[in-house]
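Chemist: What follows is a structure written as structure tokens; I'll ask about it next.
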Amino acid sequence: MIVVGPEAPLANGIVDYFLVRNIKIIGPTQAAARIESSKIFARELMAKAKIPQPEFVICANREATNVAIAKFGLPVVIKVDGLAEGKGAFVCHQSAEVETACQTIYEDKKFGQTKVLVEECLSGQEMSVFALCDVSDYKIIGTAQDYKRLLDNNKGPNTGGMGAISPSPLAKPEIMEKIKKKIIEPTLKAMNQADSPFAGFLYCGLMIKDNEPRVIEFNCRLGDPETQVILPLIKGDFFDLLWLAANHEIYQANFSLSDYSTAFVFKVAKGYPGLYVKGNLIKVPSLPNNRIIHAGTKINEVGELVTNGGRVAGALGLSPNPSAAIKDAYVLLHQIHFENEFYRRDIGR
């Protein structure tokens with residue numbers, strides 16, 4: 001059985017390729033993966049199904065984008081339509097940030113030729129909810145809060161994620177029930193009606209305000225670093241859960257979520273999410289079960305562990321309460337060292 005992690009293979013149809021060869025695989029088909037690979041497809045789907053989301057305008061050029069920005073005023077969100085490795089969304093509070101976003105999209109063409117969404121900027125608190133789906137049914141396997149911005153106090157550019165905690169402090173029973181009834185279930189129904197039945201991981205990126213959830217975005221796979229914090233809290237055999245989903249029998253799944261808390265913090269290369277240097281020597285503790293998770297690392301030709309990406313490595317904290325889990329993660333993170341390292345100091349604050 002194959003479990004697909006990244007979004008690009010899903011968007012390129014890897015699930016279709018293996019399904020016709022009768023190989024079990026966890027993930028949506030290429031058509032269903034559009035819920036992430038095309039933000040316009042997702043917004044139009046939600047609008048038709050009356051799923052709560054921000055107001056939006058689809059724009060094909062700089063002029064239309066300027067008109068839409070004037071309609072919403074500041075702050076405003078500008079998103080490229082296709083996949084952008086978590087870096088295609090611009091939350092603009094000032095005119096200079098709008099100019100930078102438009103320059104990146106239209107003049108620099110960093111994301112190629114693409115349409116964009118201009119969206120109302122939602123206020124509230126963010127929350128991620130993860131459901132494992134098998135087309136006809138689903139199970140919620142965890143909640144998290146992700147920290148996307150590069151700098152403390154949620155400032156700076158968007159990244160792939162600087163850290164996360166689980167469970168989300170917003171995951172109260174009444175809110176979770178609204179998320180099921182107003183978002184997850186109508187989304188799966190709408191995908192069936194669009195001839196794109198959804199199987200695999202549905203990542204619901206939500207904004208919660210006044211106890212009401214609205215969808216910021218959907219992803220069609222587990223997130224990074226959310227995976228690092230939700231999987232340790234699944235009690236039971238994770239393989240059994242996946243196997244039942246792959247066989248459209250997830251209703252039989254027998255699992256529960258731990259009442260522990262987790263926290264994960266990345267150390268990144270200075271310059272990320274822009275230009276950064278690779279090949280710096282990394283020192284990590286050689287402790288058993290130390291919960292250090294590698295990301296942008298490799299072994300060089302002389303057998304040394306060196307940096308090989310923007311998000312280099314991170315540390316996982318696990319404890320009966322959130323504050324202890326956060327402390328646990330940072331204690332471990334301080335034992336990872338490489339030249340020009342950088343990390344957020346407020347994950348979980």
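The values are calculated or read from the model by the stated rules, or taken from the named source; none is laboratory data. Everything numeric here is computed off the predicted structure, so don't read it as measured data. As a convention, Cβ positions derive from the backbone with ideal geometry for all residues, glycine included, and neighbour counts pool all protein chains shown.
Chemist: Sort out for me the strands (runs of 3 or more DSSP E) sitting completely within the stretch 148-218 that have 3 or more residues that are of a type in the set (Gly, Ala, Ser) and at pLDDT 95 or above. First the steps, then the outcome.
Modeler: Details: elements: 149-151, 155-158, 163-166, 199-209.
The strands (runs of 3 or more DSSP E) meeting that bar are 163-166, 199-209.
Chemist: Hey, among 156, 112, which residue is free of Cβ contacts under 8 Å to residues at least 24 places away in the same chain and on the phi > 0 side of the Ramachandran plot? Walk me through how you get there before you give the answer.
Modeler: On the way: 112 fails: free of Cβ contacts under 8 Å to residues at least 24 places away in the same chain.
None of the other options fit; the residue is 156.
Chemist: Looking at (1) over 18 Å from residue 30 (Cβ atoms); (2) of a type outside the set (D, E, K, R); (3) crowded, with 20+ Cβ neighbours inside 10 Å, which one does residue 186 not meet, given that it meets all the others?
Modeler: So residue 186 meets the others, but not (3).
Chemist: Hey, another quick one. Quick check on the stretch 16-31. Is at least one of its residues buried (at least 20 other Cβ atoms within 10 Å of the Cβ), outside the structural domain of residue 148 (by TED's automatic domain parsing), more than 20 Å from residue 113 (Cβ to Cβ) and touching a residue at least 12 places away in the same chain (Cβ under 8 Å)?
Modeler: no
Chemist: Further question: Return the total of residues in the stretch 32-59 being in contact with a Leu (Cβ under 7 Å, 6 or more places away or on another chain) and either free of Cβ contacts under 8 Å to residues at least 12 places away in the same chain or among the polar types (S, T, N, Q) (or both).
Modeler: 1
Residue-by-condition table, conditions (1) of a type in the set (A, V, I, L, M); (2) touching a helix residue (DSSP H, G or I) at 6+ places or on another chain (Cβ under 9 Å):
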| position | (1), (2) |
| --- | --- |
| 165 | yes, yes |
| 175 | yes, no |
| 180 | no, no |
| 196 | no, yes |
| 204 | no, yes |
| 212 | no, yes |
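Chemist: Moving on to the next point. Does residue 327 meet the test of being farther than 30 Å from residue 139 by Cα, surrounded by 17 or more Cβ atoms within 10 Å (Cβ to Cβ), among the charged types (D, E, K, R) and within 24 Å of the chain's Cα centre (by Cα)? Give the derivation first.
Modeler: Values: farther than 30 Å from residue 139 by Cα: yes; surrounded by 17 or more Cβ atoms within 10 Å (Cβ to Cβ): no; among the charged types (D, E, K, R): yes; within 24 Å of the chain's Cα centre (by Cα): yes.
No: the conditions fail for residue 327.
Chemist: What residue, among those in the stretch 127-148 that are touching a strand residue (DSSP E or B) at 6+ places or on another chain (Cβ under 6 Å) and charged (D, E, K, R), is farthest from residue 263 (Cα to Cα)?
Modeler: Residues of the stretch 127-148 that are touching a strand residue (DSSP E or B) at 6+ places or on another chain (Cβ under 6 Å), as a first pass: 127-135, 138-148.
Filter once more, keeping what is charged (D, E, K, R): 134, 139, 146, 148.
Details: 134: 29, 139: 23, 146: 10, 148: 14 Å.
Of everything passing the filter in the stretch 127-148, 134 is farthest from residue 263 (Cα to Cα).
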